[in-house]
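Read the structure below first, then the notes.
Derivation of every value follows stated rules applied to the coordinates shown; laboratory data play no part. Since the structure is predicted, the reported quantities are computational estimates derived from the model, not experimental observations. Don't worry about glycine lacking a Cβ; one is built from the backbone with ideal geometry, like all the others, and counts go over all protein chains shown.
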Amino acid sequence: MLPGFIPLYVGMPVVYKSRNLAVELGVANGSQGTVVAVETEMDACSYEIAKYALVKFDKCKAQLSGLPAGVVPVFPVSSRFQTVAQSIDKTKTQTVTIQRSQLPIQPAFAITSHSAEGKTMSKVLVD
């Protein structure tokens with residue numbers, strides 16, 4: 001599940017949370033990296049939204065044209081779901097379809113022990 005809002009900044013540690021992009025190149029669900037750049041645009045409601053983020057993945061072996069080694073563009077993914085909405089006066093209900101788009105990355109300042117399993121780390125702090 002994708003969070004509703006992601007504050008992003010250059011240098012932020014992130015984890016990729018979506019279908020595997022290129023396992024053989026080191027970009028799969030759960031891959032960790034660092035935001036290198038974020039390209040944004042204004043939507044129809046004047047919200048600033050991300051067109052894509054450039055992420056340098058820790059174990060990525062890819063060298064894409066025009067980008068530094070290990071840097072991969074991450075584009076938004078869309079999901080759609082239905083829910084029942086009630087009118088303001090609560091006399092009617094209607095099934096509505098909601099669609100949302102979000103970059104499939106999450107902040108990775110900390111990770112769970114489950115996510116850390118199998119990783120080699122130089123330092124850890126356990127609470």
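Largest GNM mean-square fluctuation across Val84, Val36, Val14, computed for the chain with C-alpha springs under 10 Å, falls on Val84.
Counting pairwise Cα distances across the chain, what percent come out greater than 20 angstrom? More than 20 Å apart: 54 percent of the Cα pairs in the chain. Each residue, Lys123 and Ala44, gets one label point 7 Å from its Cα in the Cβ direction; the gap between the two is 4.8 nm.
Taking segment 4-78, which trypsin sites (Lys or Arg not before Pro) meet the DSSP loop condition and have no more than 16 other C-beta atoms within 10 Å?
The qualifying sites are Arg19, Lys59, Lys61.
For segment 30-85, the equivalent ellipsoid built from the Cα gyration tensor has semi-axes of 28, 16, 9 Å, listed from largest to smallest.
Full extension of the chain between Ser113 and Gln94 gives 2.6 nm of extra length, using 0.36 nm per residue less the Cα-Cα distance. For segment 1-102, chymotrypsin sites (Phe, Trp or Tyr not before Pro) meeting the loop criterion (DSSP other than H, G, I, E, B) and having at most 14 other Cβ atoms within 10 Å: Phe5, Tyr9, Tyr47.
For segment 13-115, what does the relative contact order come out to in percent, with C-alpha contacts under 8 Å and a separation of six or more?
On the way: 201 pairs, mean separation 25.8, N = 103.
Reported relative contact order: 25 percent.
With springs only between Cα atoms under 10 Å apart, run a GNM on the chain and tell me which of Ser31, Ser78, Ser115 wobbles the most. In the Gaussian network model the winner is Ser115.
What does the helix-only formula give at 222 nm for the chain: each DSSP H stretch with n ≥ 4 adding -39500 (n - 2.57), the total divided by the residues, and the result rounded to the nearest 500 deg cm²/dmol?
Working: 1 runs with 4 residues, N = 127.
When only DSSP H runs of four or more count, the value is -500 deg cm²/dmol.
In straight Cα distance, which aspartates and glutamates are under 12 Å from Lys51, not counting same-chain residues fewer than 8 positions off? Hits, sequence-local ones excluded: Glu39, Glu41, Asp43. Largest GNM mean-square fluctuation across Ser87, Ser101, Ser65, computed for the chain with C-alpha springs under 10 Å, falls on Ser87.
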